[in-house]
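Asker: Have a look at this one.
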Amino acid sequence: MKYLVIGGSGLIGSRFVELTKKNNIILSPGEKELDITSGPSVNNFFKNSKFDIVVNFAAYTNVDGAEKERPPAHRASGPEGDKKGIVWGLNVGAAENLAKACKKYDKFLIHISTDFIFPGTKENPGPYAEDVELPGEMEKIGWYGWTKLEGEKQVRKINKNAAIVRTAYPFRTAYEQKLDFARNILALFDEGKLYPLFSDQKLTPVLIDDLVGVLEKIANLKRPGIYHTVTSDVTTPYDFANYLLEKARGVKNAVIKGSMEEYLKTPDRTPRPRLGGLKSEKTQKILGMKFKTWRESVDEFVRQVKSAK
């Protein structure tokens, strides 16, 4: 199979390329070769290249950075100025361009999304199922999450032959450009800088290697729909970190409890889902797969880290 991988140098995309190139052909163009924020650039690339599957990992993912382009809260759709920003361009505009090109040239599209499209509040808590009703208002959702939600909507509106894969808090054993959810905890602990971690935040992380396996299965099936690829059960940053440090560093109860509810009360905090997470039962049934628990994912992560030394 021949893949066109968008965002192939990122945290998830680079691991996808690394694992899938053994048995597949991978096209992973840089920004100069393919500008996904430009409709003509996308159309020209599709016209002159051959591939079977498109996987879009590209996104603006800096949650706090994205908030700088957030419009006033009372204008839920956002003014034109914000829609010309880099966050909207990558998370919505690029998704539209790829969806249109995939439809025009009959390519199956896998679009990566996030649990941050949901508010994760007491009034609307997760974990969220694949077919749950999507939020209709921006309140309690950050600009990053809102643009990813709009990107999802555009993909579904434009191209019915597409799969949307939502994931959350991905981690892997090695990636030089940035730290992920798990490796950041280890780095902070090793430096003696580990701060209190939330014991009241619900989330479902994912080991990126497992995510790659799911994406390959979806690509082989070419089955449109919405998929959730995360651990099969819910955890908290506090519990995750304690277990990780016990397995990776041999220390128990090394983490101090923090409260996300209190953290979010501070003015100007970027909205984040506190009671979030994704349900994956439907995805597991459709794909005929059994996802790991978060503890099993940590065990595999630690095993890989130790075997790499």
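Asker: If you take the residues in segment 28-44 that are in a helix (DSSP H, G or I) and either out of contact with any helix residue (DSSP H, G or I) (no Cβ under 8 Å at 6 or more places or on another chain) or hydroxyl-bearing (S, T, Y) (or both), which one is surrounded by the most Cβ atoms within 10 Å (Cβ to Cβ)?
Answerer: The extreme case among them is S41.
Asker: Go through (1) of a type outside the set (D, E, K, R); (2) more than 19 Å from V92 (Cβ to Cβ); (3) surrounded by 18 or more Cβ atoms within 10 Å (Cβ to Cβ) for I25 and report which single condition fails.
Answerer: (3)
Asker: Among N97, N62, N91, which is the only one that is at pLDDT 95 or above, farther than 27 Å from K217 by Cα and under 21 Å from the mean Cα position of the chain (by Cα)?
Answerer: So the residue among N97, N62, N91 that is at pLDDT 95 or above, farther than 27 Å from K217 by Cα and under 21 Å from the mean Cα position of the chain (by Cα) is N62.
Asker: Right, next: G136: of a type in the set (G, A, S), out of contact with any His (no Cβ under 7 Å at 6 or more places or on another chain) and either modelled with pLDDT of 95 or more or buried (at least 23 other Cβ atoms within 10 Å of the Cβ) (or both), yes or no?
Answerer: It is false that G136 is of a type in the set (G, A, S), out of contact with any His (no Cβ under 7 Å at 6 or more places or on another chain) and either modelled with pLDDT of 95 or more or buried (at least 23 other Cβ atoms within 10 Å of the Cβ) (or both).
Asker: Going through segment 266-305 one residue at a time, which ones are part of a helix (DSSP H, G or I) and within 27 Å of M138 (Cβ to Cβ)?
Answerer: K282, T283
Asker: Looking only at segment 175-197, which residues are within 27 Å of I117 (Cα to Cα) and within 20 Å of the chain's Cα centre (by Cα)?
Answerer: Listed by number, the residues that qualify are Y175, Q177, K178, L179, D180, F181, A182, R183, N184, I185.
Asker: Are any residues in segment 1-16 surrounded by fewer than 20 Cβ atoms within 10 Å (Cβ to Cβ) and either at pLDDT below 95 or under 18 Å from N220 (Cβ atoms) (or both), and if so, which ones?
Answerer: Residues satisfying the conditions are M1, K2.
Asker: Which ranges mark the helices (runs of 4 or more DSSP H) fully within segment 114-228 that have 3 or more residues being closer than 20 Å to Y263 by Cβ, aliphatic (A, V, I, L, M) and touching a residue at least 60 places away in the same chain (Cβ under 8 Å)?
Answerer: In segment 114-228, no matching helices (runs of 4 or more DSSP H) lie anywhere.
Asker: Sticking with this structure for a sec: So S297 ticks every box in (1) over 26 Å from G120 (Cα atoms); (2) under 17 Å from the mean Cα position of the chain (by Cα) but one. Which box is left unticked?
Answerer: The number of the failed condition is (1).
Asker: Only one residue in P237, P170, P224 is surrounded by 20 or more Cβ atoms within 10 Å (Cβ to Cβ) and within 17 Å of S280 (Cα to Cα), so which one is that?
Answerer: P170
Asker: Quickly run through segment 8-22 and pick out the residues that are of a type in the set (G, A, S) and touching a strand residue (DSSP E or B) at 6+ places or on another chain (Cβ under 7 Å).
Answerer: Selection gives G13 alone.
The values are calculated or read from the model by the stated rules, or taken from the named source; none is laboratory data. What you see is a predicted model, and the numbers here were worked out from it, not measured in a lab. Cβ: placed from backbone, ideal geometry, glycine included. Neighbour counts: every protein chain shown.
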